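**Student:** Shown below is the structure under consideration.
The values are calculated or read from the model by the stated rules, or taken from the named source; none is laboratory data. From a predicted model like this one, the values you see are computed outputs, not experimental measurements. Heads up, the Cβs are rebuilt from the backbone with ideal geometry, glycines too, and the neighbour counts pull from every protein chain shown.
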């Protein structure tokens with residue numbers, strides 16, 4: 001029993017270690033600076049310049065960065081914690097604005113076939129637009145790169161929430177609506193005490209998809225608008241040709257995304273019910 | 001059973017349900033001109049084959065559905081929508097799955113008595129759960145953690161707890177196994193006899209109907225179904241499942257019902273046998289009383305000679 005419980009995590013760790021080992025072994029050793037000619041030094045060790053750093057270098061880098069995450073040495077040198085905080089701030093602001101709009105409208109669409117039919121064409125056209133395609137227009141209209149990034153997050157997280165809320169509300173079992181009707185519940189009470197809890201798991205699924213998409217999009221948006229944030233950090237380190245930092249920040253993006261998803265998974269299981 | 005007030009609680013007049021045909025031809029008539037009354041405190045069962053529209057009738061009484069024509073009035077007022085004076089128990093329990101059993105009952109009680117304190121609501125709800133044999137911890141469970149029988153008990157507790165004037169039961173035991181069904185029937189009858197509750201119940205089970213009902217309404221087959229007969233169950237109460245089969249009235253009644261369901265329900269809805277039941281109450285029969293058929297066949301209005309001859313063989317045969 002104990003063995004089977006730990007089998008999968010153990011295999012995961014083994015797989016990770018062997019992949020890292022292969023990666024490490026495939027990386028040619030770096031010549032130390034003393035062994036290089038002056039010319040080689042000038043060229044930055046020319047022939048091996050484009051090498052991908054080995055995992056050991058990344059672990060060292062991660063240790064450095066994570067032991068001092070919040071320093072601020074000017075626009076091009078901020079701690080990873082500060083960059084993440086900027087990104088999270090943008091994601092959460094855009095996401096909350098989207099939720100404030102998507103949940104009520106989704107409710108309306110789900111409850112009224114007329115509203116559904118009226119708004120459906122708009123949703124179908126707007127939904128497939130890549131959020132970054134809005135960027136030029138947002139920059140022109142809003143005239144502020146910070147707000148434009150938030151707008152892009154807003155526009156990409158609204159659709160899954162809207163569609164899932166509408167779907168969840170429209171598919172609440174007729175029997176439960178009938179329970180509300182036979183108990184003479186008003187529209188608002190029915191919406192809050194029957195439809196909302198009944199549709200909550202579906203709504204939360206939409207919210208979870210949305211936060212995932214928002215986290216995907218923020219990296220690209222920050223690469224465009226620049227200045228701060230984890231996306232800018234990745235691009236900045238690429239411009240610095242610091243591949244160790246690039247790989248480190250990629251990993252950080254993954255871990256933060258996973259944590260966000262885990263958070264929503266928790267909320268989701270709290271509203272989940274079994275029929 | 002006790003009728004202090006002579007006016008019926010519920011009057012159903014010429015209730016008809018038709019579905020328009022998709023190609024614009026003749027509409028499909030599920031049932032037409034159903035006429036019957038339900039008295040205060042009476043337990044009435046309705047039996048008929050699938051497709052005769054009995055569920056539609058119950059939903060119209062609940063206010064959840066509308067008929068094509070006809071009037072349903074309760075205490076003289078026409079029913080126009082669902083209301084708390086009519087409690088409904090559905091076959092599929094209709095409990096809210098994200099709430100515990102107690103919360104489900106409280107949900108109904110809160111809606112019925114909005115002025116009550118939380119403690120009053122809770123105590124009243126718990127009392128009704130105990131009446132159907134739940135409590136001691138099981139009230140905290142969610143419906144998914146309860147067996148089918150327990151879920152239906154919760155559903156019945158919720159319906160009784162709001163103390164409606166009319167209780168509508170749509171095949172409440174249809175999804176339960178025979179043993180559980182028996183226990184809950186006993187519980188239903190116990191809870192009902194302690195109240196002055198009027199009950200209208202759909203069932204497919206002849207024995208269940210005889211055990212529970214004061215009167216059984218028989219519906220002919222659809223399409224063109226109608227309420228053909230009102231069978232009075234002349235078996236004294238309290239009735240117990242074990243004793244009731246030894247009552248001399250039991251088998252005459254049972255045979256009458258089975259004969260109706262196997263043969264006459266079909267014959268009655270065939271075109272050549274169909275009669276216009278507009279403004280006509282169903283024939284009242286007493287198969288449980290011995291003696292001549294005519295003596296116990298009462299038909300208040302219109303006079304008996306309006307009945308076609310085929311309806312004189314109404315009472316059941318002896319076993």
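**Student:** Based on this model, can you work out whether residue A:208 counts as within 14 Å of another protein chain (Cβ to nearest Cβ) and in a helix (DSSP H, G or I)?
**Tutor:** no
**Student:** Within the stretch B:119-126, is even one residue in a loop (DSSP other than H, G, I, E, B), surrounded by fewer than 23 Cβ atoms within 10 Å (Cβ to Cβ), more than 16 Å from the chain's Cα centre (by Cα) and without any contact (Cβ under 8 Å) to a residue 40 or more places away in the chain?
**Tutor:** Within the stretch B:119-126, not a single residue is in a loop (DSSP other than H, G, I, E, B), surrounded by fewer than 23 Cβ atoms within 10 Å (Cβ to Cβ), more than 16 Å from the chain's Cα centre (by Cα) and without any contact (Cβ under 8 Å) to a residue 40 or more places away in the chain.
**Student:** Related question: For residues that are more than 33 Å from the chain's Cα centre (by Cα) and surrounded by fewer than 19 Cβ atoms within 10 Å (Cβ to Cβ), scanning just the stretch A:182-210, find the one that is nearest to residue A:94 (Cα to Cα).
**Tutor:** A:188
**Student:** Then there is this: I'm trying to understand the selection: among the residues of the stretch B:114-130, which are in contact with a helix residue (DSSP H, G or I) (Cβ under 9 Å, 6 or more places away or on another chain) and within 14 Å of chain A (Cβ to nearest Cβ)?
**Tutor:** B:121, B:125
**Student:** When you scan the stretch B:14-49, how many residues do you find that are surrounded by fewer than 18 Cβ atoms within 10 Å (Cβ to Cβ), under 17 Å from the mean Cα position of the chain (by Cα) and under 19 Å from residue B:284 (Cα atoms)?
**Tutor:** Summing the residues that are surrounded by fewer than 18 Cβ atoms within 10 Å (Cβ to Cβ), under 17 Å from the mean Cα position of the chain (by Cα) and under 19 Å from residue B:284 (Cα atoms) in the stretch B:14-49 gives 1.
**Student:** Of all residues in the stretch B:189-225, count the ones that are buried (at least 18 other Cβ atoms within 10 Å of the Cβ), in a loop (DSSP other than H, G, I, E, B) and out of contact with any helix residue (DSSP H, G or I) (no Cβ under 8 Å at 6 or more places or on another chain).
**Tutor:** 2
**Student:** Something else about it: Within the stretch B:160-183, can you find the residues that are free of Cβ contacts under 8 Å to residues at least 60 places away in the same chain, crowded, with 22+ Cβ neighbours inside 10 Å and over 16 Å from residue B:206 (Cβ atoms)?
**Tutor:** B:161
**Student:** Restricting to the stretch B:82-94, count the residues that are at pLDDT 90 or above and more than 8 Å from every other protein chain (Cβ to nearest Cβ).
**Tutor:** Number satisfying all stated conditions: 2.
**Student:** Could I ask something else about it? Please verify whether the stretch B:99-112 includes one or more residues that are in contact (Cβ under 8 Å) with a residue 12 or more places away in the chain and in a loop (DSSP other than H, G, I, E, B).
**Tutor:** Scanning the stretch B:99-112, I find at least one residue that is in contact (Cβ under 8 Å) with a residue 12 or more places away in the chain and in a loop (DSSP other than H, G, I, E, B), so the answer is yes.
Here is a yes/no grid of residues against (1) within 14 Å of another protein chain (Cβ to nearest Cβ); (2) in a loop (DSSP other than H, G, I, E, B); (3) in contact (Cβ under 8 Å) with a residue 40 or more places away in the chain; (4) under 17 Å from the mean Cα position of the chain (by Cα):
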| site | (1), (2), (3), (4) |
| --- | --- |
| A:87 | no, no, yes, yes |
| A:101 | no, no, yes, no |
| A:132 | no, no, yes, yes |
| A:137 | no, no, no, no |
| A:154 | no, no, yes, yes |
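**Student:** Given (1) modelled with pLDDT of 95 or more; (2) within 14 Å of another protein chain (Cβ to nearest Cβ), identify the lone condition not met by residue A:182.
**Tutor:** Just one mismatch for residue A:182, condition (1).
**Student:** For the condition more than 14 Å from chain A (Cβ to nearest Cβ), free of Cβ contacts under 8 Å to residues at least 60 places away in the same chain and in contact with a strand residue (DSSP E or B) (Cβ under 7 Å, 6 or more places away or on another chain), what is the one hit in B:133, B:70?
**Tutor:** From the options B:133, B:70, the qualifying one is B:70.
**Student:** Scan the stretch A:248-275 for residues that are within 15 Å of residue A:52 (Cβ to Cβ) and either buried (at least 19 other Cβ atoms within 10 Å of the Cβ) or within 14 Å of chain B (Cβ to nearest Cβ) (or both) and report the count.
**Tutor:** 2
**Student:** Would it be correct to say that residue B:42 is more than 25 Å from residue B:153 (Cα to Cα) and more than 14 Å from chain A (Cβ to nearest Cβ)?
**Tutor:** no
**Student:** Ok, one more. Residues of the stretch A:160-176 being within 14 Å of chain B (Cβ to nearest Cβ) and crowded, with 17+ Cβ neighbours inside 10 Å, which ones?
**Tutor:** A:168, A:172, A:176
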